[in-house]
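Trainee: For reference, the structure I am asking about is given below.
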Amino acid sequence: MGSKREKYPEKCPWDLGPNQHLAKEENWTLRLGEANVCFSKNKLDNNYFHVISNENEEQILAFRARLLYQKLLDKGFRLVE
């Protein structure tokens, strides 16, 4: 019995590197219709992200933020620049 693996994103807008013009932003917002999800780095601990959506607000580990970012892209959300 195999388990379903989550798709791990290769690049997120907060990653540093070539062609990553959004890496120095403070917030990154994904939108699908009226739904918004905003990601921001925790200024006190780089291992965590602050995630705010229409329904809730939470602190999650950086790798979970990457997984959530990819999951939202897969659902049709788009990054607002």
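Trainee: Between Val80 and Ser53, what length comes free when the chain is fully extended (0.36 nm per residue of separation minus the Cα-Cα distance, one decimal in nm)?
Mentor: On the way: separation 27, 0.36 × 27 = 9.72 nm, distance 1.42 nm.
Stretched out fully, the Val80 to Ser53 stretch lengthens by 8.3 nm.
Trainee: Rounded to a whole number of µm²/s, how large is the Stokes-Einstein D of segment 27-80 at 10 °C and 1.306 mPa s, given Rh as the Kirkwood radius over C-alpha pairs? Write out the running numbers ahead of the final one.
Mentor: Details: Rh = 11.1 Å.
The estimated diffusion coefficient comes to 143 µm²/s.
Trainee: Is there a pair in Lys11/Lys75; Lys24/Lys75; Lys43/Lys71 whose C-alpha atoms are over 21 Å apart, and which pairs would that be? Provide the component values of the computation, followed by the final result.
Mentor: Details: Lys11/Lys75 17 Å; Lys24/Lys75 26 Å; Lys43/Lys71 24 Å.
From the list (Lys11/Lys75; Lys24/Lys75; Lys43/Lys71), the Cα-Cα distance tops 21 Å for Lys24/Lys75; Lys43/Lys71.
Laboratory data are not the source of any read-out in this text; all were calculated from the coordinates shown. Note that the structure is predicted; figures quoted are calculated from it, not measured.
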